[in-house]
1. Any of 122/271; 2/51; 114/253; 154/184; 164/248 with alpha carbons more than 21 Å apart? Name them for me.
2. Which order do peptides 57-63, 153-159 fall in by mean Cβ count within 10 Å, highest first?
3. Quick one: angle between helix 16-25 and the longest Cα principal axis of the chain, in degrees between 0 and 90, rounded to 10, please.
4. Can you give the extra length, in nm with one decimal, that the chain gains between residue 52 and residue 247 once fully stretched, where that is 0.36 nm per residue apart less the Cα-Cα distance?
5. By average Cβ neighbour count within 10 Å, what is the ranking of 15-28, 179-192 from highest down?
6. Pairs 101/247; 35/221; 180/200: which are spaced more than 26 Å apart, C-alpha to C-alpha?
7. Roughly speaking, what % of Cα-Cα pairs in the stretch 132-298 are separated by over 26 Å, rounded to a whole number?
8. Tell me, what HN-Hα J-couplings in whole Hz come from the Karplus equation 6.51 cos²θ - 1.76 cosθ + 1.60 at θ = phi - 60° for each residue of the stretch 77-84, using x for Gly and Pro?
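Readers should treat all values here as calculations from the given coordinates under stated rules, not as data from a laboratory. Quantities reported herein were computed from a predicted structural model and do not represent experimental measurements. Cβ sites come from the backbone with ideal geometry, for glycine too, and all protein chains shown count toward neighbours.
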Amino acid sequence: MKHLIVVNPNAGTYSEEFENSIKAAFEGLEFEIYKTTGPRSVIPFLKDFFKKETDTVRVYACGGDGTVHEVANGLVGIKNAELAIYPVGTGNDFIKIYGGKEKFANFKSLIEAKAHPIDISKITWPANKEEIYSINVINFGFDAIVGAMGNYYKENGYPEKAQKKYPNPYDYALHHDAMKHGLKNTIDVYADGEKLNSGKILLATLAQGQYVGGQFHASPKSDNTDGLIDVCVLRGMSIIGLGMIIKKYTNGKHLDKPNKAITYRRAKEIKMNAPEDFDVCIDGEMVKGNDFTVTIVPGAINIVVPE
């Protein structure tokens, strides 16, 4: 077996010391270190790499959920590739379903562990010409507005007066945008042809993993080996209604009992459309459109999980 270690040289956690620790961990093995050159640069690199490679290669995504997302997108359908995750991000949401950061932050354990196939979700929409895959969670509505606008304010700035109250651009996006305009979103959601909402929605998650946003146990029943996508839709509500449900949603207790505000399904195909473009978050990657289709891709990735 060969080993390919993917690192982001611009990440805050990257250092010469970290690179030396990689070389020490893989000493005596056939390995290569690939340093990313920008967003999504690893995807074409991996596709080209495996055109010439016939041996099994274990690819180590050293980073956070964004790095895992990009590496997974480069490995979809490649039978002789295995995805190992060395977590150095902040949220590390995807691996929480397997026990979390401590279990994975050891190259020796990752080298010795076995791989098994898991499902992922594929999302398409008319304006986009390349397929994008989700290994964890696709979400839209309230929380996607926070992500999209937070990214915008982080890049372009926001009023200095507001920065004193909300030094974090995502906190500003939460209160300035999502709380004002994101509680009731005109988006229709269909699961295998069944319409899941009769009115506006607060948010929706389409999941293979279970956690999102660093703290929310949004899809506690998800199983990424069952050939299905877990769909959870929360109907549009007031700030008071959000306050009443947010703790259960954070702790993964929102599906414990029937709730008229929540619709939960498992399906192979999800469609969501709206009169106007809306923000969609794909494992942290933000896109925009108004007519999306999400389908299941069974056994598309071989994931390495330490004992």
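1. From the list (122/271; 2/51; 114/253; 154/184; 164/248), the Cα-Cα distance tops 21 Å for 114/253; 154/184; 164/248.
2. Packing order, densest peptide first, comes out as 57-63, 153-159.
3. Relative to the chain, helix 16-25 is tipped by roughly 60 degrees.
4. 65.2 nm
5. In decreasing order of mean packing, 15-28, 179-192 become 179-192, 15-28.
6. 35/221
7. Counting every Cα pair in the stretch 132-298, those more than 26 Å apart make up 24 percent.
8. x, 8, 5, 9, 10, 10, 9, 10
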